[in-house]
Amino acid sequence: MSGNISFTMIKPSAVSAGYSGGILKMIEEGGFRIKALRMHHLTEAQAMKFYAVHAERPFYHDLVRFMSSGPVVAAILEKADAVSAFRALIGSTNPADAAEGTVRKHYGKSVQENAVHGSDSDENALIEASFFFSGFEQY
Ligand code: CMP
C-alpha cells in the first residue's frame, strides 16, 4: 500500500531567487496539504547526513556544499500516493528533461540546482520528515 506522506525541500538557490511562494502555490494547487513547514539553514554535517545515501557519488560533496549554502524551505506534504504524486508534480531530476508544467521545468536551473528535493520512497519520506520535524511540528 502506498503512503500519504512525502517530504520536500525548496533548495537554497530557489529560496534566494524568491521562488518559495510560487513553488508552494504549485504544491497546494497540486492538491497537497502542507502538514509541516519551516525554513532552515542546514549545516554541512546535516546536509551530509540527509544525503548520506549518495555519499559514494561523485557529486556528493558539491551537493552537500550547495545544500548548506543558504536556507531551505522544508515541508511535509500529504496526499494519496504522495511520493509518486509529488514526483509527477516536480518532474525529472534534470530540469532539461522535466515535462512542461512541472516545478523543475519552471524553476530549475541544473541537475544540482533543480529547485526542489522530493522523497523517492515511502520509507525515505518518513525518515526525511522526522529528520526535520518533531511530532509536535506536524499538523
Ligand atoms: P534531489 O531530489 O535533491 O536528490 C539528490 C540530488 O542529487 C538530486 O536532487 C540532484 O540535485 C543531485 N544529483 C543527482 N544526480 C546528479 C548528478 N549527476 N550531478 C549532480 N547532482 C546530481
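Might you let me know whether segment 48-68 holds any residue that is open to solvent by less than 50 Å² (accessible area, probe 1.4 Å), over 13 Å from the mean Cα position of the chain (by Cα) and away from the ligand (no atom under 12 Å from the Cβ)? Within segment 48-68 (the criterion being open to solvent by less than 50 Å² (accessible area, probe 1.4 Å), over 13 Å from the mean Cα position of the chain (by Cα) and away from the ligand (no atom under 12 Å from the Cβ)), the answer is yes, since at least one residue qualifies. Here Ser13, Ser6 are screened, and the one residue that is within 16 Å of the ligand (Cβ to nearest atom), more than 25 Å from Lys79 (Cα to Cα), surrounded by 16 or more Cβ atoms within 10 Å (Cβ to Cβ) and not β-branched (Val, Ile, Thr) is Ser13. Screening Ser119 against (1) open to solvent by less than 10 Å² (accessible area, probe 1.4 Å); (2) more than 16 Å from Gly3 (Cα to Cα) leaves a single unmet condition, (2).
Within segment 72-88, the residues that satisfy the criterion of being more than 13 Å from the ligand (Cβ to nearest atom) and either open to solvent by less than 20 Å² (accessible area, probe 1.4 Å) or touching a helix residue (DSSP H, G or I) at 6+ places or on another chain (Cβ under 6 Å) (or both) are Val73, Ala75, Ile76, Leu77, Lys79, Ala82. Could you tell me whether segment 94-112 includes any residue that is buried (at least 21 other Cβ atoms within 10 Å of the Cβ), under 30 Å from Phe136 (Cβ atoms) and among the small types (Gly, Ala, Ser)? Checked segment 94-112: no residue is buried (at least 21 other Cβ atoms within 10 Å of the Cβ), under 30 Å from Phe136 (Cβ atoms) and among the small types (Gly, Ala, Ser).
The values are calculated or read from the model by the stated rules, or taken from the named source; none is laboratory data. Nothing here was measured: the structure is a model prediction, and the numbers come from that model. All Cβ positions, glycine included, derive from the backbone under ideal geometry; neighbour counts span all protein chains shown. These accessible areas exclude ligands, DNA and RNA; they are computed on the full protein's heavy atoms, side chains included. Shrake-Rupley method; radii C 1.70, N 1.55, O 1.52, S 1.80 Å.
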